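Trainee: This is the structure I want to talk about, given as C-alpha cells.
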Amino acid sequence: MKLTANKSPTIWSSLTLFILLGIMFAWSPAPASAQDRSGLVQRISGRLATGDTHAYLIGDLQAGDQLTISMRATSGNLDPALGIMDNSRPLAEVQTAYGADVMHLMAESDNVALDLDALRARYFLAWDDDGGEGYAAHLEFTVPAAGDYRIIVGASLSVLGRATAGDYELFVGLNAPDGTAPAGEPFVAREMLNG
C-alpha cells in the first residue's frame, strides 16, 4: 500500500499536466485567415446606372485563397461584367488610366472588341463577361499572393456603345467554391471610385 500511495501524487501531477495542456491547445486561437475566413459567402445588391462602375475591397487575403464571384442582373437590361485586380495602385489612379486607355483604344483600334480584351488583361488579374447563365458573369480566382484585392463590376459593353443599366446581385465566396456556405460577417466592403 505504501508504494501505491507514493505513486498516486505522480499520477495526479501527470493527469493535471495533460489537462492543462489540453486546455491550452483548445483555447489557442488559430490564425484569422484559417479560422475566420474560410467558407464565407457574401451577397451584395446594387444598382448600376449607365456608365457606372462599382468597386469592392477584400482585405487580408492569403496566397492560395479561392474566390468565387458571380454577378447577375435583377432588373433593367444590365449585361454584367466583373474583374479582380490587386490593390497596389489607388483606385482613382486606376480609374483615370483605364478610362484614358479605353478612349485611346476607341479612337485608334481597328478591332475594338479584340483590343478591349487585351486591355482588360493588362488591368485585371481575372475578368469575365457572360461566364454564368445567360448574361451573368462568373469567375473563380486563386489568390497569387497575400494582400488586398478589388472586385470591379460594371456593364460589359458600355464602352462599345451598348449602354445597359439595372440592379444586380453580386455573390462573393471565399474558400466556398459551391457558394452554399452560410453567410458570416461581411468580408467585402464597397470602395468609392470618386472620393
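The values are calculated or read from the model by the stated rules, or taken from the named source; none is laboratory data. Everything quoted here is computed from the prediction, not taken from an experiment. Positions of Cβ are generated from backbone atoms using ideal geometry, with glycine treated the same way; all protein chains shown enter the neighbour counts. Surface areas here come from the heavy atoms of the whole protein model, side chains and all, with no ligands, DNA or RNA. Shrake-Rupley method; radii C 1.70, N 1.55, O 1.52, S 1.80 Å.
Trainee: Go through the stretch 146-195 and give me each residue that's open to solvent by 40 Å² or more (accessible area, probe 1.4 Å), at pLDDT 80 or above and of a type in the set (A, V, I, L, M, F, W, C).
Mentor: Selection gives Ala146, Ala163, Phe171, Ala189, Met192.
Trainee: Shifting gears a bit: Looking only at the stretch 87-136, count how many residues are small (Gly, Ala, Ser), under 20 Å from Ser70 (Cβ atoms) and loosely packed, with under 12 Cβ neighbours inside 10 Å.
Mentor: 1
Residues checked against (1) among the basic types (Lys, Arg); (2) within 18 Å of Val41 (Cβ to Cβ); (3) within 12 Å of the chain's Cα centre (by Cα); (4) part of a strand (DSSP E or B):
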residue	(1), (2), (3), (4)
Ala55	no, no, yes, yes
Ala63	no, no, no, no
Gly76	no, no, no, no
Tyr98	no, no, no, no
His104	no, no, no, no
Ala107	no, no, no, no
Leu114	no, no, no, no
Tyr135	no, no, no, no
Asp167	no, no, no, yes
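Trainee: Please find, among Arg37, Arg47, Arg89, the residue that is of a type in the set (Lys, Arg), assigned to a loop (DSSP other than H, G, I, E, B) and either over 21 Å from Met192 (Cα atoms) or modelled with pLDDT of 95 or more (or both).
Mentor: Arg37 is the lone residue from the list that is of a type in the set (Lys, Arg), assigned to a loop (DSSP other than H, G, I, E, B) and either over 21 Å from Met192 (Cα atoms) or modelled with pLDDT of 95 or more (or both).
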